[in-house]
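Here the structure is laid out as structure tokens; the discussion comes afterwards.
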Amino acid sequence: MKNAKNIMYLTFYCIIVLCITVSIYASEYHEPYSEAITSKMYLINYDQIVTIQDKNNKGKVIEYSPKNDFYINQFGYEYCIKNVCLFFSTSIYNAGGFNFFKTRMFSLYYSFYKFACDVYYYDYDLYDLYEIGSDSDEEKFDDYSEPDVSSQHYGANLYWILSDDFSYNATFKQTERQSKSAGSFIVHISPYISKYKSNEILIPENQRIYYDNDSVLKHVDIQSLLLSIGYCYNLTYDGFYIAPFGYIGKEYKNVEYNTTIGDKEKTQWENYYKWGAMIGYNESDSILVLEYVNEYHFADSEYAEMKFINKAINLVIGYRI
């Protein structure tokens, strides 16, 4: 079990060293803007969803997710100096009303040569219990009282852009200009830790019969090393661009969780998927971009299968000075 943790920490250390030691890169297909500073505001619709299902599929799917409709529920701000970006976001509203600082995210981004990397931390405290297919809150799992669920996440991402012509900064950070349309395969490596905890048992009482020793599940801790390959194409014309992207990969992870007979650990390989698109305007001193992202992680215990889904629609408004 220690091998998974050691590999994750070693990878994180190598990413930091690589970020510090490699120089900036440019191409005739893209170029940095002459303005040194880029300032951006993010209006965010973000859902983090956790689903739990017994492995025999006899019980109902249990979902923890925010009560969000299609509206802005988070606000973010990013400040970039050349190829270094600092980002912060926080929750502002959901169906229950205003909820400032119920979720927070910090990240530090740096790009160099044909690489881009970031380190991040975020916590999330907006999970509500759902019964899939239920018509109203009152029908959820025989009125099982809602646990207070929260999560913490921290890690790093390293992206290796294989093509000289494609600019990761122009597409995802808007600190460069993609002067000609281009695409690239991208290798993605990410060591990370995620911790989910609850003050009450996550499995509603009328579903526990299907989970045996896992029926008292209250916390799940994940240490993971993610390896994926993706592709993104930036189709650009006169400052406007559209850039669909997608990743597929595997995660080597160590999962720790509680049971009726004590805490357990399980090492496993799981699939990983991510896709989305960017569409907007990135020219002169103006930035207006709409971003859509879907990301899927998986894990399991002895009797439960879990999905961890991140969905986001971001409106980015910015300028260069």
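Which net charge results when you count Lys and Arg as +1 and Asp and Glu as -1 among the other residues whose beta-carbon is under 15 Å from that of Val289? Residues near Val289 contribute -1 overall. A cut-off under 14 angstrom between Cβ atoms defines the neighbours of Phe88, and their net charge, with Lys, Arg +1 and Asp, Glu -1, is -1.
Listing Leu226, Leu158 from the residue with the fewest other Cβ atoms within 10 Å to the one with the most, what is the order? Walk me through the numbers before you get to the answer.
Numbers: Leu226 23, Leu158 20.
The fewest-first ordering by Cβ neighbours comes to Leu158, Leu226.
May I ask you to sort Trp160, Trp269, Trp275 by Cβ crowding, counting other Cβ atoms within 10 Å and putting the fewest first?
On the way: Trp160 18, Trp269 9, Trp275 15.
Ascending number of Cβ neighbours within 10 Å: Trp269, Trp275, Trp160.
Would any residue of the range 182-214 have its amide N under 14 Å from a label point 7 Å out along Cα→Cβ of Lys264? List them or say none. Answer for the range 182-214: 210-214.
Within 11 Å, Cβ to Cβ, of Glu305, how many net charges do the neighbouring residues add up to if Lys/Arg are +1 and Asp/Glu are -1?
On the way: positive: Lys55, Lys307; negative: Asp54, Asp214, Glu270, Asp300, Glu302.
My count for the surroundings of Glu305 gives -3.
Take each of the peptides 211-220, 161-170, average the number of other beta-carbon atoms within 10 Å over its residues, and list them starting from the highest.
Details: 211-220: 19.0, 161-170: 20.8.
The densest-packed peptide leads the list: 161-170, 211-220.
Computed about the Cα centre, the dipole magnitude for the range 139-229 is approximately 600 debye when only Lys and Arg (+1) and Asp and Glu (-1) carry charge, each at its Cβ.
Here the residues Phe112, Phe185, Phe245, ranked from fewest to most Cβ neighbours within 10 Å of their Cβ, fall in the order Phe185, Phe112, Phe245.
Within straight-line reach of Lys180, meaning a Cα separation under 20 Å, sit the following lysines at least 8 residues removed in sequence or on another chain: Lys114.
FYI, it's all coordinate maths here, none of it is from the lab. This one's a predicted model, so the numbers in the text were calculated from it and none came from an experiment. We place every Cβ from the backbone using ideal geometry, glycine too, and count neighbours over all the protein chains shown.
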